[in-house]
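Supplied in structure tokens, the structure appears directly below.
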Amino acid sequence: MCLPDLRSSLDNGCLGAGTGRVMTISRRGFIAGLALTGAAVPAAYYAHRELTRVDLPETPGEATAGPADTATQRLADKLRGVWTLRFEGRDAGLSGAPLEGLEMFLDIAPRGRGLRGYIDTAERLRSDGLPRFRVIGDLKPANAARLYLRVMDGHAGNDPHSDNPDYEFSLTLDEVWGAFGNAGSGTLSGRIERLDRALALPELESRLIAIKQVFPEARERVGLSPPFLAWLVSREHRLFHQLWHASRDKWHKLPEDKRDALRGIGWQPGPREHERDARGPHKDRNGSGEDFFYMHRHMLIQARRIQDLPSWPRFPLPQPELERDRLGFARYFDNHDGCSLPPNWLAHGDEEYTQLVSDIKSHETFHTHFQVWESQYRDPRFLSKLTLGQFGSQVELELHDWLHMRWASVARDPANGQP
């Protein structure tokens with residue numbers, strides 16, 4: 001029979017009395033087991049804690065300079081402009097403001113990420129008075145479809161310059177014909193929250209739908225007479241213009257059999273066997289520059305015989321900043337004179353062309369190229385170094401081509417307006 005005392009039991013190596021079996025444990029083995037268990041339990045605990053630990057987000061390091069990425073710039077293109085507001089819900093609207101007739105101007109600087117805007121009636125936004133509501137926000141391309149705007153009520157606290165946000169708009173962007181970028185309209189829809197309202201109170205039933213106004217095309221602002229429009233869209237005029245440019249642009253790359261085919265129907269650019277291509281290595285001395293001036297001068301004479309067409313004394317300026325010139329911003333997006341740039345749009349499946357059009361329409365290109373050409377073409381010192389053919393070739397491949405692209409709108413189906 002084993003002794004009841006544990007020490008005696010250990011000393012005697014006698015455990016399991018009354019079970020019919022005797023298990024012997026040495027004192028050294030027992031102490032080693034306790035030590036092993038004491039090490040394993042904390043190790044397992046710390047391993048579990050490490051595996052389940054939630055890493056805290058690391059704050060950004062030092063600020064770095066640089067423009068917004070391409071995705072953010074395209075998001076800015078979709079948001080920039082004039083929006084019509086509609087309010088819904090039991091608690092709909094902004095305090096003291098009408099439920100109908102409000103518009104929102106939104107602007108993001110070129111290659112920027114900060115958003116600024118104003119909300120008021122259409123008449124107030126286009127007058128000298130200060131708009132009642134000011135809008136601030138920033139673009140987050142990682143969640144581009146979600147937008148959070150803070151709105152300051154200039155009448156709150158009788159301080160028209162208050163910088164304390166009174167509302168938050170939580171909005172989702174939805175586009176019409178989104179694959180074409182900014183080619184169509186779009187909507188911002190979501191909720192309005194009052195930031196001075198206690199969180200313990202029931203949530204307000206206040207919803208907002210903002211519809212982007214489609215940019216007015218130049219043809220909607222600058223009237224074309226029916227005879228002039230008929231001449232422009234006639235098959236003969238369009239076919240001649242396309243073939244004249246295409247044959248000159250591609251002649252130096254065409255195989256001889258295709259050149260002979262064009263010669264056979266008289267569509268070669270220039271005299272037979274002495275064609276004048278517009279983009280080959282001899283473009284500046286083969287007469288193509290003079291051809292360019294002659295054809296376009298002849299076309300403009302024809303056009304002005306049908307309808308008086310005023311010329312630009314200088315290139316139209318880029319879009320004014322909203323915060324610096326709100327009335328200029330309004331005139332620009334109303335396109336009152338037909339000279340405003342149509343918005344950037346996406347050429348589906350052609351990323352290279354999409355980026356080229358965006359670059360040509362940018363503020364930077366206006367200042368680095370268009371204003372330079374405007375200066376050079378009035379500079380006798382610059383012009384005196386060029387022959388007429390060289391000057392014509394330079395105007396065609398620089399100013400002429402980029403003018404078309406800078407003021408280009410997305411092509412639409414005339415039946416339904418779809419890109």
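The values are calculated or read from the model by the stated rules, or taken from the named source; none is laboratory data. These figures come from a predicted structure and were not determined experimentally. In this analysis, Cβ positions are derived from the backbone assuming ideal geometry, glycine residues included, and neighbour counts consider all displayed protein chains.
Of the residues in region 77-131, how many are among the polar types (S, T, N, Q) and under 21 Å from ALA145 (Cα atoms)?
Total meeting the criteria: 1.
Residue check: is LEU224 assigned to a helix (DSSP H, G or I), modelled with pLDDT under 95, surrounded by 14 or more Cβ atoms within 10 Å (Cβ to Cβ) and out of contact with any Leu (no Cβ under 6 Å at 6 or more places or on another chain)?
It is false that LEU224 is assigned to a helix (DSSP H, G or I), modelled with pLDDT under 95, surrounded by 14 or more Cβ atoms within 10 Å (Cβ to Cβ) and out of contact with any Leu (no Cβ under 6 Å at 6 or more places or on another chain).
Another one. Can you name the residue in region 275-304 that is closer than 26 Å to GLY264 by Cα and of a type in the set (D, E, K, R) and, of all such residues, is nearest to the chain's Cα centre (by Cα)?
Going through the qualifying residues, I end up with ARG279.
A follow-up question, please. Within region 306-318, is there a residue that is part of a helix (DSSP H, G or I) and among the small types (Gly, Ala, Ser)?
no
Another one. Given the structure, is TRP267 loosely packed, with under 12 Cβ neighbours inside 10 Å, among the aromatic types (Phe, Trp, Tyr) and at pLDDT below 95?
Here the answer is no, as TRP267 does not meet what is asked.
Based on what the data block shows, is LEU130 surrounded by 18 or more Cβ atoms within 10 Å (Cβ to Cβ) and of a type outside the set (Lys, Arg)?
In short, no.
Of all residues in region 103-126, which are surrounded by fewer than 17 Cβ atoms within 10 Å (Cβ to Cβ) and of a type in the set (Asp, Glu)?
Result: GLU123, single match.
Same structure again: Looking at LEU327, is it crowded, with 18+ Cβ neighbours inside 10 Å, among the hydrophobic types (A, V, I, L, M, F, W, C), within 30 Å of GLU103 (Cα to Cα) and touching a residue at least 60 places away in the same chain (Cβ under 8 Å)?
The answer is no for LEU327.
Still on this structure: Do any residues in region 291-308 that are assigned by TED's automatic domain parsing to the domain that holds LEU388 have Cβ atoms under 8 Å from those of residues that are acidic (Asp, Glu), where the two are at least six apart or on different chains, and which pairs are they?
PHE292/GLU396
Next question, about the same structure. Looking at GLN307, is it of a type in the set (S, T, N, Q) and either more than 37 Å from the chain's Cα centre (by Cα) or farther than 19 Å from GLU396 by Cβ (or both)?
For GLN307, the condition - of a type in the set (S, T, N, Q) and either more than 37 Å from the chain's Cα centre (by Cα) or farther than 19 Å from GLU396 by Cβ (or both) - is met.
Return yes when ALA347 is closer than 28 Å to TRP83 by Cβ and either without any contact (Cβ under 8 Å) to a residue 40 or more places away in the chain or surrounded by fewer than 18 Cβ atoms within 10 Å (Cβ to Cβ) (or both) and no when it is not.
Yes: the conditions hold for ALA347.
Of all the residues that make up region 293-351, how many are touching a strand residue (DSSP E or B) at 6+ places or on another chain (Cβ under 8 Å) and either at pLDDT below 95 or over 25 Å from PHE133 (Cβ atoms) (or both)?
4
OK, next. Please work out if ARG146 is basic (Lys, Arg) and modelled with pLDDT of 95 or more.
Judged against the criteria, ARG146 is not a match.
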